[in-house]
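Undergrad: Sharing a structure with you now.
The values are calculated or read from the model by the stated rules, or taken from the named source; none is laboratory data. Values in this document were obtained by computation on a predicted structure and should not be read as measured data. Here the Cβ positions follow ideal geometry from the backbone for every residue, glycine too, while neighbour counts run over all protein chains shown. These accessible areas exclude ligands, DNA and RNA; they are computed on the full protein's heavy atoms, side chains included. Shrake-Rupley method; radii C 1.70, N 1.55, O 1.52, S 1.80 Å.
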Amino acid sequence: MRLLSVVCSLLVLAAVPAAAESIRYRTDYKVTLGALPIARASFVTEVNQTNYTITGSFNSSAIVDVVTKISAQTNISGTLTGDRMQADRYTLIYQSGKKKQTYDVRYRNGDVTDTVILPEPKRRPRNWIAVGPEDLKSVLDPISSLIIPAGEAACPRTLPIYDGESRMDLVMTPKGTRSFKVGGVESEAVVCSIRYVPKSGFRKGRTDIEYLRKVEGMEIWFAKTGTLKVYAPVHARVPTRMGTIYVSAVEFDG
């Protein structure tokens with residue numbers, strides 16, 4: 001679940017309009033383990049003057065399905081304050097084989113007001129670092145958090161994220177610029193390195209948490225969209241114990 005939250009956070013491409021009319025925007029991503037295709041993801045964003053929704057899907061490829069079929073559907077709805085997105089509700093339905101988990105989070109003014117996980121997970125209190133009330137203040141959902149207004153630097157910044165189970169910080173620092181090409185678009189992207197900082201909502205000593213906390217080389221590339229003038233992800237690199245996962249936009253409005 002932790003790795004999925006990090007990867008899904010790096011997948012999203014959405015937009016905040018400067019115009020008053022409603023806008024619908026879609027983008028697709030490919031996910032590879034090294035050169036091996038392992039998944040596809042799609043996100044659709046709809047924005048009007050005051051509200052927005054983002055719906056996303058993630059499906060493993062046929063080669064992964066031989067072992068375990070993995071899928072996820074997410075939905076975020078919220079309000080616009082100037083050029084910023086503020087989630088009111090975040091849901092994630094995650095399925096691995098026959099195991100299915102649903103996360104439903106409600107927010108008010110950036111604070112979490114309610115979380116429901118179905119089925120309710122079994123935890124060992126002795127090893128579990130619980131999410132406290134202070135962890136649920138001034139947080140972001142994993143998807144809207146990566147929408148950067150054009151007037152701001154993509155990094156440095158720290159994203160305080162709550163995904164329905166765990167509270168984490170993604171600490172982003174500048175790493176220069178890179179040229180990229182997506183379809184017919186050639187442009188320059190701002191590269192940010194990422195450091196994963198677990199805060200609460202996980203089992204102490206868990207190996208995947210410790211790996212993500214210590215790993216180096218995680219990064220995300222932001223580029224400005226041509227139509228709507230916000231910074232959005234076009235590429236991401238996530239080292240794992242199985243190899244490096246790459247997330248790349250298939251199409252981009254540059």
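Undergrad: Along the charge dipole of the chain, which of THR207, SER22, ASN109 sits closest to the positive end, that is, farthest toward it, with unit charges on the beta carbon of Lys, Arg, Asp and Glu (+1, +1, -1, -1)?
TA: THR207
Undergrad: Shifting gears a bit: Roughly to the nearest percent, how much of the accessible area of the chain is carbon and sulfur, given a 1.4 Å probe? Numbers along the way, then the final one.
TA: Values: 6150 of 12430 Å².
Reported share for carbon and sulfur atoms: 49 percent.
Undergrad: Using just the helices of the chain, give the 222 nm mean residue ellipticity in deg cm²/dmol: DSSP H runs with n ≥ 4 each add -39,500 (n - 2.57), and the total is spread over all residues, rounded to 500. Don't jump to the answer; show the numbers that get you there.
TA: On the way: 3 runs with 22 residues, N = 254.
Rounded to the nearest 500, it is -2000 deg cm²/dmol.
Undergrad: With 5 Å bins from zero, work out the P(r) of segment 117-254 over every alpha carbon pair and list the percent per bin.
TA: 2, 9, 16, 20, 18, 14, 10, 6, 3, 1, 0
Undergrad: Using 0.36 nm per residue, how much length does the chain from GLU251 to THR158 gain when fully extended, once their Cα-Cα distance is taken away? Mind showing how you got there, number by number?
TA: Numbers: separation 93, 0.36 × 93 = 33.48 nm, distance 2.73 nm.
That works out to 30.8 nm of additional length.
Undergrad: Another question, then. Quick one: putting +1 on the C-beta of Lys and Arg, -1 on the C-beta of Asp and Glu, what dipole do you get for the chain around its Cα centre, in Debye to the nearest 20? It would help to have the intermediate numbers written out before the result.
TA: On the way: 34 positive and 25 negative charges, 216 e Å.
Computed about the Cα centre, the dipole is about 1040 debye.
Undergrad: Still on this structure, I have one more. Each residue of segment 165-174 in order: what ³J(HN,Hα) in whole Hz does its phi give by Karplus 6.51 cos²θ - 1.76 cosθ + 1.60, θ = phi - 60°, with x for Gly and Pro?
TA: 10, 10, 10, 9, 10, 10, 9, 10, 10, x
Undergrad: Dividing the alpha-carbon radius of gyration of the chain by 2.2 N^0.38 Å (N being the number of residues), what value is obtained?
TA: Numbers: Rg = 17.4 Å, N = 254, 2.2 N^0.38 = 18.0 Å.
Cα-based Rg divided by the globular estimate yields 0.97.
Undergrad: Modelling each spin label as a point 7 Å along the Cα-to-Cβ direction, I'd like the THR207/ARG40 distance in nm, to one decimal.
TA: So the two model labels end up 3.3 nm from each other.
Undergrad: A further question follows. By average Cβ neighbour count within 10 Å, what is the ranking of 175-186, 113-124, 155-166 from highest down? Please list the in-between numbers first.
TA: On the way: 175-186: 12.7, 113-124: 10.6, 155-166: 19.2.
Packing order, densest peptide first, comes out as 155-166, 175-186, 113-124.
Undergrad: Which entries in the list LYS30/LYS224; LYS98/LYS122; LYS175/LYS224; LYS137/LYS199; LYS30/LYS122; LYS137/LYS204 go over 24 Å, if you measure between the two C-alpha atoms of each? Could you put the intermediate results ahead of the total?
TA: Numbers: LYS30/LYS224 20 Å; LYS98/LYS122 17 Å; LYS175/LYS224 17 Å; LYS137/LYS199 13 Å; LYS30/LYS122 33 Å; LYS137/LYS204 22 Å.
Going by Cα-Cα distance, LYS30/LYS122 fall outside the 24 Å limit.
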